[in-house]
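A.B. asks: If you scroll down you'll find the structure; I have some questions about it.
The values are calculated or read from the model by the stated rules, or taken from the named source; none is laboratory data. Please read all numbers here as calculations on a predicted model, not as lab measurements. For neighbour counting, all protein chains shown are included, and Cβ atoms are generated from backbone atoms with ideal geometry for every residue, glycine included. In case anyone asks, the SASA skips ligands and DNA or RNA and just uses the protein heavy atoms, side chains included. Shrake-Rupley method; radii C 1.70, N 1.55, O 1.52, S 1.80 Å.
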Amino acid sequence: MRKIYLLSFFIVCGFLASCGGGTQGELVGAFNRKFKNKTIPLGMVFIPQGRTLIGTSDEDMSFYSGNQARMTSFSAFYMDQTEITNAEYRQFVNWVRDSVAVYSLGPSGAPTLFKPVPAAAAGGPAVTTSQQDINWRTVGNGNVLWGRNSAFKARLQNMYYAGNDALPGKNEIDVRKLKYAYSYLDKDLALAGENDPTKSRQDFIQTYTDNPTPGKANQHPSISVYPDTMVWKRDYSYSQNDPMVEAYFNHPSYDRYPVVGVTWDQATAFCNWRTRLYSNVAAARKLPENSRLKYRLPTDQEFEYAARGGRTKTKYPWGGPYIMNTKGCLQANFKVGRGNLSDDGGMYTVDARAYLPNDYGLYNMAGNVAEWTVTAYNKSATALLLDFNPNYTSTAKGAKVVRGGSWKDMSIFLQNSVGTYEYQDKARSYIGFRCVSDFPGNSLN
């Protein structure tokens with residue numbers, strides 16, 4: 001008898017659930033697939049939402065005519081603990097190197113290095129071998145291409161310096177061939193042209209390609225990704241920096257040092273590649289597309305907010321008003337006094353985890369290398385900005401805000417409130433970068 005009652009109960013429930021398409025005729029919403037990812041990305045820290053005074057920290061500056069401090073609020077985001085290191089940036093360079101090499105071989109010349117051609121959709125156009133993707137499981141770390149016993153080595157001689165460009169007895173990769181092509185939707189352009197009936201979506205897509213169409217404003221040459229190692233000589237006339245030119249980016253001793261000689265355009269391309277790298281793995285794990293991390297450079301004022309470490313009106317990232325701690329130890333890598341570059345522990349840059357982190361766990365938010373931000377430089381823009389998540393952008397190429405001060409700067413440039421600028425196509429021996437990723441929500445918990 002009990003079984004009959006249970007069966008009747010389930011039949012009634014099923015009948016009720018069938019009414020109104022399973023919603024009882026009520027508005028219940030069409031929710032996305034449940035996804036809870038509270039894992040902080042590797043090498044990053046969580047910066048909680050909050051507010052702080054952005055701007056000058058000193059109250060006793062007579063006749064100060066700059067922008068006054070004002071309370072500003074920020075959404076939560078993830079930020080790299082350290083500047084991007086040589087080893088991390090080299091992963092990007094090697095990925096581009098291997099991509100260029102594999103595509104130069106082609107699917108017909110190296111079928112094992114490409115994924116099988118996907119089947120054409122019913123009634124759709126045929127899929128060609130030119131649309132094949134690289135099989136990164138086979139390519140691995142590049143030994144299949146560049147290893148001593150590589151079957152492809154002889155066919156990749158076009159990747160090396162040749163003729164008068166080659167040094168006798170050396171077989172070196174021609175770094176001029178290492179270029180990264182990508183596209184993205186420029187939201188600033190889209191906003192500016194939203195009421196223009198002559199514009200379509202393709203006009204707002206910025207494309208970096210090996211073969212840009214002449215006269216197309218939104219098409220640009222692909223990005224050369226190899227760092228400019230000559231910055232160590234170009235930035236300093238009459239200085240013996242040849243060892244840094246030859247060793248800094250590739251010597252194992254500098255693996256954990258911040259990458260330099262990278263333009264703003266190269267840093268932005270790195271962020272795009274890092275997003276793509278993560279997205280490919282996320283897709284393989286069938287994670288929802290709208291839940292995948294997207295990396296970018298921090299805004300000018302996001303950098304200052306993170307540098308303050310949750311404190312208000314502090315002069316330096318470590319919280320105190322002094323450049324030394326109570327034991328007399330310098331707390332950052334910078335030019336001490338008027339020319340002392342060695343007392344802080346490094347003549348040039350130092351390990352990206354040198355010195356103590358701030359209260360958010362961020363290393364070297366002052367000193368070591370100055371860092372690119374996504375913000376366009378305009379000394380008059382502050383008064384125009386909102387008091388939440390402020391940022392100033394410009395569709396024109398030009399100067400970008402640089403934050404944090406560097407190993408060659410005096411202590412004033414290490415202050416939380418101080419920024420400077422550099423043109424986005426310039427590489428310097430004292431400018432690097434780190435990435436951020438927006439956090440979708442209010443609180444990690």
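A.B. asks: Pop out the carbon and sulfur fraction of the accessible area of the range 91-231 as a percent, whole number, probe 1.4 Å.
C.D. replies: 52
A.B. asks: Turning to a different aspect of this structure: Scale the Cα Rg of the range 169-265 by the rule-of-thumb value 2.2 N^0.38 Å and send over the ratio, two decimals. Don't jump to the answer; show the numbers that get you there.
C.D. replies: Details: Rg = 19.2 Å, N = 97, 2.2 N^0.38 = 12.5 Å.
Ratio of Rg to 2.2 N^0.38 Å for the range 169-265: 1.53.
A.B. asks: Separate question: Whole angstrom only: what separates the Cα centroid of the range 81-98 from the Cα centroid of the range 408-445?
C.D. replies: Going from one Cα centre to the other spans 18 Å.
A.B. asks: Per-residue HN-Hα couplings for the range 395-405, Karplus 6.51 cos²θ - 1.76 cosθ + 1.60 at θ = phi - 60°, whole Hz, x for Gly and Pro?
C.D. replies: 6, 8, 6, x, 7, 10, 6, 10, 10, x, x
A.B. asks: Given a 1.4 angstrom probe, I'd like the percentage of the accessible area of the range 379-418 that is carbon and sulfur, rounded to a whole number.
C.D. replies: Details: 1170 of 2010 Å².
C and S fraction of accessible area: 59 percent.
A.B. asks: Same structure again: Just need the relative contact order of the range 367-438 here, percent rounded to a whole number, with Cα pairs under 8 Å and 6+ apart.
C.D. replies: Details: 113 pairs, mean separation 29.2, N = 72.
Relative CO of the range 367-438 lands at 41 percent.
A.B. asks: Let me ask another. How much accessible area per residue does the chain have, counting only protein heavy atoms and a probe of 1.4 Å, in square angstrom? Working shown, then result.
C.D. replies: Working: 25640 Å² over 445 residues.
Value for the chain: 58 Å² per residue.
A.B. asks: Now a separate question. Under a point-charge model restricted to the Cβ atoms of Lys and Arg (+1) and Asp and Glu (-1), what is the dipole moment magnitude of the chain relative to its Cα centre, in debye to the nearest 20? Mind showing how you got there, number by number?
C.D. replies: Working: 49 positive and 38 negative charges, 289 e Å.
Roughly 1380 debye, rounded to the nearest 20.
A.B. asks: Mind checking which helices in the chain clear 18 Å along their axis (Cα) and have mean Kyte-Doolittle hydropathy of 1.0 or more, DSSP H runs only? Intermediate results must be reported in sequence, preceding the final value.
C.D. replies: Working: long enough: 2-18 (24 Å, 1.51); 86-109 (34 Å, -0.32); 264-284 (31 Å, -0.29).
Membrane-span-like by this criterion, though nothing is claimed about a membrane: 2-18.
A.B. asks: In a Gaussian network model over the chain where Cα atoms closer than 10 Å are linked, find which of P357, P41, P258 has the largest mean-square fluctuation.
C.D. replies: Checking each option, the largest mean-square fluctuation is seen for P41.
A.B. asks: Ok, one more. Can you tell me how the chain classifies by the Cα gyration tensor, rounded, prolate or oblate, using a/c under 1.5 as the rounded cut? Kindly include the intermediate steps, with their values, before the conclusion.
C.D. replies: On the way: a/c = 1.83, a/b = 1.17, b/c = 1.56.
Judged from the Cα gyration tensor, the chain comes out oblate (a/c at least 1.5, b/c at or above a/b).
A.B. asks: Post the alpha-carbon centroid distance, the range 342-407 to the range 198-227, in whole angstrom.
C.D. replies: For the range 342-407 versus the range 198-227, the Cα centre distance is 28 Å.
A.B. asks: Nearest 20 debye, what's the magnitude of the dipole of the range 253-400 about its Cα centre given +1 on Lys and Arg Cβ and -1 on Asp and Glu Cβ? Walk me through the intermediate numbers first.
C.D. replies: Working: 19 positive and 12 negative charges, 52 e Å.
Its charge dipole is roughly 240 debye.
A.B. asks: Enumerate the amide H contacts of G398 below 5 Å, restricted to partners 5 or more residues apart or on another chain; note that Pro and chain-start residues carry no placed amide H.
C.D. replies: Q424
A.B. asks: I would also like to ask the following. Build a GNM of the chain with springs between Cα atoms under 10 Å: which of G109, G169, G193 gets the top mean-square fluctuation?
C.D. replies: Of G109, G169, G193, the most mobile in the Gaussian network model is G169.
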